[in-house]
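The values are calculated or read from the model by the stated rules, or taken from the named source; none is laboratory data. Just so you know, these numbers come straight off a predicted model, no measurement behind them. Reconstructed Cβ throughout: ideal geometry from the backbone, glycine too, with neighbour counts over all protein chains shown. These area figures cover heavy atoms from the full protein model, side chains too; ligands, DNA and RNA do not enter into them. Shrake-Rupley method; radii C 1.70, N 1.55, O 1.52, S 1.80 Å.
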Amino acid sequence: MKLLDGKALSAAMKLELAEEVRQLTSSTGIIPHLAAILVGDDGAAQTYVGNKVKSCAEVGFKSSLIQFPNTVTQEEIIQKIREINTDDSIHGLIVQLPLPEHISEQKIVEEMAPEKDVDGFHPINLGKMALELPCHLPATPYGILMLMQRGGVVTKGKHCVILGRSHIAGSPMSILLSRKSEPGDCTVTLCHSRTPDIRKHTLQADILITALGRPGYVTADMVKEGAVVIDIGITRVKADNKSGYRIVGDVDFEHVAPKCSMITPVPGGVGPMTIIGLLTNTLSSAKNAANKR
Ligand code: GUN
């Protein structure tokens, strides 16, 4: 069993990104700049955005964190997005999800200029992705593609089973792996809450990708011998340690790992690669801005 170590790969890829930033800045004077909007005081969201901001500094990007209280109106966020859309010094923008119930995630995402939407959530980016046109790919699926490619996961002709049809993980992952590309060329089965007998499908999977947010859902009896297992689930559960919580995935790692040819750990698998997807999109946005001058 080989560990698909997203933590180690993300550290190596940050060094590569930092070198690309040095070259871009020395030849054009442009410093890639990511703006992140965070609404409310949810601890998990604060941690995720904090990691993204810290990662920007590690690769030589600028970053701006814009925080709003839970009581902010949709209009106030839209105003801020419009400001950022027209600010040439900012190349990438993310709005951390989820948002409070009185704010429409769809309206917020649609306000963002597609070329600055470095999470790849805008309908224009998702449409271009499906049409195999150049665009910002959704950050988590993009990070997973890089992890598969660098980790030597063969995808061509394989049967990939995905659990979960969220717009930010399962659904785009299913489109990306069925595209005529490398990684890609998979036969994809997308399972969701209305799929009967999910185990029947997972047992057929050469590559099993799970994005449910249900700790320990995937047990050893659901996995084929020699499968590649990728766990997108990130759930905080209470723990008796300093932080008061620990992060767990959808896969019962201890019992599933011995059956796998490759598997991602949680934490340290997909999570750090989401940030690489985000940074890669932001760098490409900054390069596009440089080419337009
Ligand atoms: N919430 C959970 N995952 C993500 C992500 O990749 N980007 C944003 N903006 N919010 C999220």
- Message: Tell me the residue from LEU208, LEU283, LEU279 that is under 30 Å from HIS91 (Cα atoms) and in contact with a Cys (Cβ under 9 Å, 6 or more places away or on another chain), please.
- Response: LEU279
- Task: Could you grab me the full set of residues in segment 188-206 that are more than 19 Å from ILE234 (Cα to Cα) and either β-branched (Val, Ile, Thr) or assigned to a loop (DSSP other than H, G, I, E, B) (or both)?
- Result: VAL188, THR189, ARG194, THR195, PRO196, ASP197, ILE198, THR202, LEU203, GLN204, ALA205, ASP206
- For ASP240, are the conditions met, namely being assigned to a loop (DSSP other than H, G, I, E, B) and more than 17 Å from ARG165 (Cα to Cα)? yes
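Can you report the number of residues in segment 251-267 which are closer than 21 Å to GLN96 by Cβ and either crowded, with 18+ Cβ neighbours inside 10 Å or among the acidic types (Asp, Glu) (or both)?
So the answer is 1.
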- Residues satisfying the stated conditions in segment 212-237, i.e. under 16 Å from ALA44 (Cα atoms), in a strand (DSSP E or B) and within 17 Å of the chain's Cα centre (by Cα): THR235
- Message: Take MET222 and tell me if it is more than 24 Å from MET146 (Cα to Cα) and in contact with a helix residue (DSSP H, G or I) (Cβ under 6 Å, 6 or more places away or on another chain).
- Response: yes
- Task: Answer yes or no as to whether ALA36 is under 26 Å from ARG236 (Cα atoms), assigned to a helix (DSSP H, G or I) and either within 17 Å of the chain's Cα centre (by Cα) or touching a residue at least 60 places away in the same chain (Cβ under 8 Å) (or both).
- Result: no
- Can you name the number of the only condition in (1) in a helix (DSSP H, G or I); (2) open to solvent by 30 Å² or more (accessible area, probe 1.4 Å) that MET146 fails? (2)
- Condition test on THR71, is it more than 17 Å from the chain's Cα centre (by Cα) and open to solvent by 80 Å² or more (accessible area, probe 1.4 Å)? yes
- Message: Take the residues in segment 47-60 that are under 23 Å from GLU111 (Cβ atoms) and more than 12 Å from the ligand (Cβ to nearest atom); name whichever of them is least open to solvent (accessible area, probe 1.4 Å).
- Response: CYS56
- Whichever residue in segment 154-207 is of a type in the set (Lys, Arg) and out of contact with any helix residue (DSSP H, G or I) (no Cβ under 6 Å at 6 or more places or on another chain) and, among such residues, is least open to solvent (accessible area, probe 1.4 Å): ARG179
